[in-house]
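Structure, as structure tokens:
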Amino acid sequence: MNILVTGGAGFIGSNFVRWLKKNAPEHRVVNVDALTYAGNLENLSDIPQDEGYRFVRADIRDRAKMNEIFFENDITHVVNFAAESHVDRSIVDPELFLSTNVLGTQALLDTAKQQWKLAPEDKYSRAFREGVKFLQVSTDEVYGALGKEGFFTEATPLAPNSPYSAAKASADLVCRAYHETFGMPLNITRCSNNYGPYQFPEKLIPLMIHNCMEGKPLPVYGDGMQIRDWLHVDDHCSALYAVLTRGAAGEVYNIGGNNERANLDIVRLIIRSLGAGDELISYVKDRPGHDRRYAIDNTKITTQLGWSPSYTFEEGIQQTIAWYQNHMEWLEHVLSGAYADYYERMYAPFFQ
Ligand code: NAD
Ligand code: TYD
């Protein structure tokens with residue numbers, strides 16, 4: 001396979017490139033990333049550019065560039081991670097989320113259609129080149145929020161509540177339409193919250209680890225009893241590879257490891273692991289539209305594709321905490337400049 005990974009300098013994308021190099025080195029990988037605030041080439045500093053791996057700085061909305069990259073590299077598979085990914089930022093700037101997540105995905109789909117359709121000018125033809133696939137990396141947040149009971153299945157209606165999840169849901173629907181209308185060979189995956197190495201410290205787990213290491217307040221939104229279903233990023237990567245190689249055309253697959261935790265429990269676990277005290281916890285004003293609970297029913301991917309997660313949360317979180325402790329230089333680089341401005345704008349009002 002010649003795989004175009006988009007957003008491969010971000011958290012999950014860089015872990016996926018590394019996962020491929022380790023577990024399926026026979027594939028060629030082209031990593032396209034615009035290097036926004038979330039993209040960081042240091043995430044890939046251990047991966048040499050050679051015959052099997054190439055990085056190109058480009059925006060997925062740049063159709064001419066995407067066409068060129070497809071053509072030059074004979075791309076056979078796309079794994080689309082590129083997106084604006086942080087709910088809190090989407091509350092401040094929804095338009096950027098629609099532009100990147102929806103129109104960016106559509107530009108990629110058009111490029112793939114142009115390059116892979118056997119008769120691109122014939123609107124009635126649904127024939128595509130053999131063995132190609134577009135994988136849209138989506139999120140369980142498209143399903144909205146759960147109450148105390150129940151799980152998201154692939155048949156749960158989409159009911160996104162944040163501009164981020166609305167943009168991801170819209171992209172999912174555009175993908176669906178390209179499959180139904182044009183016959184585009186594709187899959188959509190909807191994964192629960194990821195954690196692990198290289199996650200940008202605007203997200204809950206790395207933010208709490210970092211603040212705790214610095215003895216800074218830990219900003220818990222609302223009552224801290226919101227529930228997320230956590231999966232180690234490596235397990236997400238192995239699930240994506242299972243779908244890329246074995247997923248049935250047009251199907252959606254939920255990805256999750258049955259690991260529900262309240263935010264407050266995670267924060268307390270991090271505090272204990274780092275030898276700090278509960279006095280660091282600071283309850284702050286809740287996020288507007290905050291989803292109460294997410295939980296994935298993973299029956300389809302486990303039974304149909306034989307995938308299962310390999311990390312327990314206990315080992316995964318300890319490995320992740322240790323990773324941040326051992327990568328202070330990475331953290332310092334990430335935290336300088338734009339992050340400091342973001343943190344100030346987002347959290348300073350709570351701590352005055
Ligand atoms: P991230 O913010 O760490 O990385 C996103 C990457 O996309 C960055 O490297 C950024 O530079 C790049 N990018 C942004 N706009 C771009 C554009 N226009 N063109 C090219 N590149 C662009 O995000 P992440 O947490 O790694 O998430 C990756 C994907 O996985 C997203 O699509 C997200 O919706 C999805 N997802 C994330 C989670 C999670 O818990 N983090 C869970 C399920 C699904
Ligand atoms: P986040 O990592 O932003 O992921 P998402 O909103 O996509 O699930 O947040 C995870 C949970 O942690 C969510 O319920 C919001 C909460 N949270 C806090 O309580 N404080 C924080 O500073 C952050 C960033 C998140």
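If I go through the range 194-205 residue by residue, how many of them are open to solvent by less than 30 Å² (accessible area, probe 1.4 Å) and at negative phi?
To start, the set of residues in the range 194-205 that are open to solvent by less than 30 Å² (accessible area, probe 1.4 Å) comprises 194-197, 199-202, 205.
Checking which are at negative phi leaves us with 194-195, 197, 199-202, 205.
Qualifying residue count, the range 194-205: 8.
I'm trying to understand the selection: among the residues of the range 116-159, which are hydroxyl-bearing (Ser, Thr, Tyr), in contact with a helix residue (DSSP H, G or I) (Cβ under 8 Å, 6 or more places away or on another chain) and in a loop (DSSP other than H, G, I, E, B)?
If we filter the range 116-159 for residues that are hydroxyl-bearing (Ser, Thr, Tyr), which is where we start, we get 124-125, 138-139, 143, 153, 156.
Cutting the leftovers down to in contact with a helix residue (DSSP H, G or I) (Cβ under 8 Å, 6 or more places away or on another chain) gives us 138-139, 153, 156.
Selection gives Thr153, Thr156.
Find all pairs meeting these conditions: Cβ atoms under 9 angstrom apart; at least six residues apart or on different chains; first residue within the range 94-121 and free of Cβ contacts under 8 Å to residues at least 60 places away in the same chain and open to solvent by less than 10 Å² (accessible area, probe 1.4 Å); second residue among the charged types (D, E, K, R) and assigned to a helix (DSSP H, G or I).
Every condition considered, the pairs that remain are Ala107/Arg63; Thr111/Arg63.
Would the range 315-334 turn up any residue that is of a type in the set (A, V, I, L, M), out of contact with any Pro (no Cβ under 6 Å at 6 or more places or on another chain) and surrounded by fewer than 17 Cβ atoms within 10 Å (Cβ to Cβ)?
Of all residues in the range 315-334, those of a type in the set (A, V, I, L, M) come to 317, 321-322, 328, 331, 334.
Applying the additional criterion that residues be out of contact with any Pro (no Cβ under 6 Å at 6 or more places or on another chain) yields 317, 321-322, 328, 331, 334.
With the extra rule that they be surrounded by fewer than 17 Cβ atoms within 10 Å (Cβ to Cβ), the set shrinks to 322, 328.
Yes, the range 315-334 contains a residue that is of a type in the set (A, V, I, L, M), out of contact with any Pro (no Cβ under 6 Å at 6 or more places or on another chain) and surrounded by fewer than 17 Cβ atoms within 10 Å (Cβ to Cβ).
Here are some conditions: (1) free of Cβ contacts under 8 Å to residues at least 40 places away in the same chain; (2) within 16 Å of ligand 1 (Cβ to nearest atom); (3) under 26 Å from Tyr324 (Cβ atoms); (4) loosely packed, with under 15 Cβ neighbours inside 10 Å. Glu42 meets all but one. Which one does it not meet?
Of everything listed in (1) free of Cβ contacts under 8 Å to residues at least 40 places away in the same chain; (2) within 16 Å of ligand 1 (Cβ to nearest atom); (3) under 26 Å from Tyr324 (Cβ atoms); (4) loosely packed, with under 15 Cβ neighbours inside 10 Å, Glu42 misses just condition (1).
Of Met208, Met184, which residue is away from ligand 1 (no atom under 11 Å from the Cβ), more than 27 Å from Asp286 (Cα to Cα) and crowded, with 20+ Cβ neighbours inside 10 Å? Break it down stepwise before answering.
Details: Met208 fails: more than 27 Å from Asp286 (Cα to Cα).
Residue meeting the stated conditions: Met184.
If we scan the range 279-291, do we find a residue that is β-branched (Val, Ile, Thr) and either within 23 Å of the chain's Cα centre (by Cα) or under 30 Å from Lys133 (Cα atoms) (or both)? Can you show your working first?
We begin by selecting, within the range 279-291, every residue β-branched (Val, Ile, Thr); these are 281, 284.
If we keep only those that are either within 23 Å of the chain's Cα centre (by Cα) or under 30 Å from Lys133 (Cα atoms) (or both) too, we end up with none.
Among the residues of the range 279-291, not one is β-branched (Val, Ile, Thr) and either within 23 Å of the chain's Cα centre (by Cα) or under 30 Å from Lys133 (Cα atoms) (or both), which makes the answer no.
Tally the residues that are within 16 Å of ligand 1 (Cβ to nearest atom) and open to solvent by less than 30 Å² (accessible area, probe 1.4 Å), restricting the search to the range 283-300.
Matching residues across the range 283-300 total 6.
Of everything in the range 233-282 that's closer than 20 Å to Ala322 by Cβ and of a type in the set (D, E, K, R), which residue is least open to solvent (accessible area, probe 1.4 Å)?
Asp235
The values are calculated or read from the model by the stated rules, or taken from the named source; none is laboratory data. Owing to the predicted nature of the structure, the values given are computational and were not obtained by experimental measurement. Cβ: placed from backbone, ideal geometry, glycine included. Neighbour counts: every protein chain shown. We work out accessible area using only protein heavy atoms, side chains counted, and drop any ligands, DNA or RNA first. Shrake-Rupley method; radii C 1.70, N 1.55, O 1.52, S 1.80 Å.
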